[in-house]
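To start, the structure under review is shown below, and the notes come after it.
Each reported figure results from applying straightforward, stated rules to the coordinates on display, with no laboratory input. For clarity, every value in this text was computed on a predicted model and none was experimentally measured. Positions of Cβ are backbone-derived with ideal geometry, glycine not excepted, and every protein chain shown enters the neighbour counts.
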Amino acid sequence: MKHDLLIIGSGIAGLRAALQAAYTAKIDIAILSKVQVMRSHSVSAEGGMSAVLYPDKNDSLELHAYDTVKGSDYLADQDAVELLVQMAPIEVRFLERIGVPWSRLPDGRMYQRAFGGMSVPRTTFAADKTGFFIMSTLYQNILRFDNIKQYHEYFVTKLIIENGEFKGVTALDLKTGELKLFLAKAAIIATGGAGRLYRFTTTAHSTTGEMLGLALRSGLALKDMEFVQWHPTALVPSGILVSEAARGEGGYLVNKQGERFMKRYAPQKMELAPRDIVSRAILTEIAEGRGFVHEESGMGYVGLDLRHLGEGVLNQKIPFITELAHKYVGVDPLEELIPVRPAVHYTMGGIHVDTYGRVLAPDGSWVRGLWAAGEAAAVSVHGANRLGSNSLSECSVWGRLTGEAAAKYAMEAPTPATDERYIKAAQGEESRIFDKLLHKETGGISVYELKGRLQDAMEQHFGPFRQGSTMKEGIPKLLKIREDFANVRVEDGGRVYNQNLKDALELDGMIDAALAVAYGALARQESRGAHYRLDYPRRDDENWLKHTVAFFNGGQIQLSYIPVRITKWTKFEERKY
Amino acid sequence: MPALTVKVKRFDGRKSWWQEYKVDIKSRKISVLDVLLKIKEEQDPTLAVRYSCRMAICGSCGMVINGVPRLACQTLLAEIKDDTITVEPMWNHRVIKDLVVDTEPNFEKLRKVKPYTIRDLKEIYESDREIGQKPEELEKYYNFAYCIECGLCMAACPVVATNPRFLGPMALAAAYRWSADSRDQGWPVRAKIVDTDEGVWSCHLAYTCSAVCPRGVDPGFAIQLVKAALMRRAKKL
């Protein structure tokens with residue numbers, strides 16, 4: 001099949017890219033998504049989208065940029081941050097014009113709430129289902145354009161890149177079980193993060209991150225993968241997200257003595273300190289015996305106290321949190337504490353791209369015709385720690401930028417010829433997937449058992465508190481999982497909607513993504529943002545103010561480093577909140 | 001705790017059969033989706049279920065549970081009480097495999113009602129204007145914007161069951177949602193689409209759509225609001 005532009009992934013970044021590309025040029029666009037297009041994990045984003053909408057004496061683009069740079073523990077590329085804060089209000093207004101039901105002030109302007117690490121309230125929201133409302137609006141607006149074709153439940157298995165130029169992909173059509181070759185002039189990768197590398201996560205079952213592994217295999221590079229964000233408040237024991245909006249609206253965190261313990265960790269910002277700091281505070285409380293213990297799971301937790309907020313705030317501003325707490329833990333937030341603990345939430349790292357989302361090879365050269373946007377990419381605006389509500393802004397801004405750039409590129413570029421080489425590549429994939437993986441003798445290892453081992457190894461060895469010796473024990477475990485994957489057993493022998501086969505393909509990519517996290521974390525001998533090492537508890541700007549670039553060299557992960565781009569903020573303060 | 005019996009209506013592309021699984025559970029605070037995934041991972045990896053967010057917002061896991069169209073992730077065992085659970089694929093949809101159905105016809109019907117802001121495209125894409133919306137204007141369509149496109153209303157609708165051409169509650173609620181939005185100017189265009197036999201006039205007011213909606217959207221009411229607007233020849237909803 002041939003299209004001008006392929007968009008791989010259908011979250012906010014992918015759909016925003018599709019809209020912008022379709023409006024920019026009368027080109028033939030295809031969205032390939034491993035889920036049905038409107039069901040991507042962006043729907044689960046709750047709290048809001050940061051943007052300085054109404055600059056005044058309290059807020060400015062400069063202040064939003066400063067908060068983001070400081071929040072990133074100075075690892076963000078400052079030119080990219082400046083682009084983010086400049087474009088974010090433009091994008092919020094675009095989303096307003098296409099129909100997002102933003103929550104409103106009485107005069108019709110958009111409401112904004114407080115969020116962690118932001119100096120002033122600048123998080124625009126649609127109740128506490130902001131991601132869902134943006135997704136739904138983007139998806140329905142896609143239906144306006146005849147030049148966007150949607151491929152629901154197409155799982156991309158391989159990126160075809162030749163002499164530094166994107167050519168196409170192969171994808172498994174889940175509904176028929178056929179492998180298809182897509183050739184295109186350009187592509188945007190917008191496949192999201194890799195939360196499911198860990199067991200306890202807020203992310204959807206589909207947020208597995210295999211595309212990051214595929215990227216490594218295709219000769220691309222991953223940047224800053226060791227920076228994994230733990231969101232402070234996930235429901236125990238399911239891991240379902242309780243938005244930071246709960247604290248933005250005035251919620252407290254309390255330990256079992258009823259103490260607002262954040263006063264000992266961030267005396268000024270308290271519960272609204274950035275996520276890395278709040279997550280470590282909660283885990284410290286639990287480790288030191290001041291947490292509660294969940295009976296069935298044995299998990300430690302603290303209480304999220306919303307009782308003083310009153311029914312009005314709960315029903316109007318955070319109704320979803322109220323519903324989730326009631327439904328999944330049987331708690332009425334007006335009467336009781338919500339049991340929460342930190343869970344893996346966001347992948348700060350991702351595919352190595354430049355400020356405009358162009359995908360870079362390990363040597364820094366552009367892979368022509370290829371872009372990446374959203375959580376899948378590391379631009380990098382979040383550096384070592386993302387501030388809450390900056391991700392929806394990032395997805396929308398870089399969705400737009402890459403969509404427009406890729407559309408313009410696709411207008412000029414020649415259509416790839418149906419060459420024997422690409423057909424061979426597709427046949428190679430068919431043989432790998434159907435002959436080797438699908439029709440294996442029985443007796444191998446279950447996909448789910450191996451996936452469980454991967455998640456346990458990541459939790460145990462590459463968690464929120466890291467140590468060289470522990471990580472050194474983790475790497476051989478991951479390598480053994482890599483080796484054992486060769487014996488994985490796909491028990492479903494059918495072609496139609498073979499999820500068991502899809503799960504195996506996912507796991508294959510996940511293992512490589514996990515290795516990039518592991519090697520990056522072991523190598524970085526400092527603590528910065530979400531990467532915290534007990535054996536190196538201080539930030540070390542002299543040696544480590546640089547991005548990690550991971551790539552494959554002879555099938556092994558190799559690391560190199562590139563400088564952080566610094567524009568205005570040259571005073572690297574200690575992060576106190 | 002006694003083992004749970006889960007009866008699943010299966011389909012492999014050719015034949016259909018009922019299969020029974022016994023599942024040990026530690027708690028009833030888990031969802032039907034959790035149980036199905038436990039079966040997939042521990043007993044039968046050939047079982048097909050569409051799922052993703054597990055928090056009732058992505059709309060993937062609609063199915064019929066003990067005779068009622070519901071989201072599997074939103075249905076806790078504690079609500080079921082019984083130690084036997086029966087699950088079958090959503091009614092009124094072509095089954096692809098096991099509990100996975102083809103919902104693409106729903107999306108095509110949605111496309112027909114033009115579910116997006118209709119106003120000057122150049123203004124939308126090239127201006128940097130904030131249109132603005134008062135809270136009371138938001139309130140007018142807000143309930144209907146909660147639709148997660150799961151298809152449960154389509155599964156429950158007795159008219160969809162007999163008339164596949166009927167646009168159905170999902171698309172018709174969207175027609176109301178967009179036309180009632182103060183930023184939209186598309187009602188005259190959409191009125192022509194829904195003022196038809198395939199549109200609102202086929203609705204028999206069974207209200208099963210509203211009864212099963214997992215997000216509390218009231219598509220039945222949206223359809224009646226559209227009918228009322230058509231009757232009084234309203235210029236704008």
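Across the protein assembly as shown the C-alpha pair distances fall into 20 Å bins from zero in the proportions 16, 53, 30, 1 percent. Among B:Lys97, A:Lys568, the ranking by other beta carbons within 10 Å of each residue's beta carbon, starting with the fewest, stands as A:Lys568, B:Lys97.
Histogrammed with a bin width of 5 Å, the alpha carbon distances of the range A:22-175 distribute as 2, 8, 13, 15, 16, 15, 14, 10, 5, 2, 0, 0 percent, first bin at zero.
When cysteine pairs in the protein assembly as shown are screened for C-beta atoms closer than 4.7 angstrom, the residues that find no partner are A:Cys395, B:Cys61, B:Cys73, B:Cys147, B:Cys150, B:Cys157, B:Cys203, B:Cys213.
Over all pairs of different C-alpha atoms in the range A:366-421, the reciprocal of the mean inverse distance, the Kirkwood hydrodynamic radius, equals 13.2 Å. Any chance you could check the Cα centroid distance between the range B:106-185 and the range A:2-23 for me, in angstrom? Using only Cα atoms, the two centres lie 22 Å from each other.
Spread over its residues, the convex hull of the C-alpha atoms of the range A:31-122 is 141 Å³ per residue. The HN-Hα couplings worked out from phi for the range A:552-562 by the Karplus form 6.51 cos²θ - 1.76 cosθ + 1.60 (θ = phi - 60°) are 8, 10, x, x, 10, 5, 10, 10, 9, 10, 10 Hz, whole numbers, x standing for Gly and Pro. Each residue of the range A:327-339 was assigned a 3J(HN,Hα) from its phi angle through the Karplus curve 6.51 cos²θ - 1.76 cosθ + 1.60 (θ = phi - 60°); the sequence is 5, 8, 10, x, 10, 9, x, 6, 10, 10, 7, 8, x Hz, with glycine and proline shown as x. Loop-resident trypsin sites (Lys or Arg not before Pro) (DSSP state other than H, G, I, E or B) in the range A:262-305 with no more than 15 further Cβ atoms inside 10 Å of their Cβ are absent. May I ask for the percentage of alpha-carbon pairs in the range B:4-101 that lie more than 23 Å from each other? Everything past 23 Å amounts to 15 percent. Put simply, the Cα atoms of the range B:104-231 extend 46, 31, 26 Å along their principal axes, the longest span coming first.
Rounded to the nearest 20, the size of the Cβ-charge dipole of the protein assembly as shown about its Cα centre is 1080 debye, with Lys and Arg at +1 and Asp and Glu at -1. The C-alpha atoms of the range A:74-119 occupy a region whose extents along the principal axes are 38, 23, 14 Å, arranged from largest to smallest. For chain B, the convex hull spanned by the alpha carbon atoms encloses 148 Å³ per residue.
Can you compute the helix-only [θ] at 222 nm over the protein assembly as shown? Use -39500 (n - 2.57) per DSSP H run of at least 4 residues, normalise by all residues, nearest 500 deg cm²/dmol.
Details: 26 runs with 282 residues, N = 814.
Roughly -10500 deg cm²/dmol at 222 nm, from the helical runs in the protein assembly as shown.
With the charge dipole of the protein assembly as shown set up from +1 on Lys and Arg Cβ and -1 on Asp and Glu Cβ about the Cα centre, the Cα lying farthest toward the positive end among the listed residues A:Thr137, A:Thr284, A:Ile511 is that of A:Thr137. For the range A:205-257, place one equal point scatterer on every Cα, skip the solvent, and apply the Debye formula. What is log10 of I(q)/I(0) at q = 0.17, 0.18 Å⁻¹? Each listed q corresponds, in turn, to -0.77, -0.81.
Cβ crowding within 10 Å ranks A:Tyr198, A:Tyr561 as A:Tyr561, A:Tyr198, fewest other Cβ atoms first.
When the Cα positions of B:Ile131, A:Leu183, A:Asn58 are compared along the charge dipole of the protein assembly as shown, B:Ile131 comes out farthest toward the positive end, with charges on each C-beta of Lys, Arg, Asp and Glu.
Between the alpha-carbon centres of the range A:25-64 and the range A:115-173 there is a gap of 9 Å. The range A:188-223 and the range A:329-351 have Cα centres separated by 21 Å. Put simply, the range A:233-342 fits an ellipsoid with semi-axes of 20, 17, 11 Å; these come from the alpha carbon gyration tensor as the roots of five times its eigenvalues, largest first.
Among A:Leu314, A:Leu95, which comes first, second and so on when ranked by fewest other beta-carbon atoms within 10 Å?
Working: A:Leu314 22, A:Leu95 25.
With the fewest neighbours first, A:Leu314, A:Leu95 line up as A:Leu314, A:Leu95.
Give the angle, between 0 and 90 degrees and rounded to the nearest 10, that separates the Cα long axis of helix A:390-412 from the longest principal axis of the Cα atoms of chain A. That works out to roughly 20 degrees.
Relative to the longest principal axis of the Cα atoms of chain A, helix A:12-24 runs at roughly 60 degrees. Over all distinct alpha-carbon pairs, what is the Kirkwood Rh of the range A:422-540 in angstrom? Result for the range A:422-540, one decimal place: 16.0 Å.
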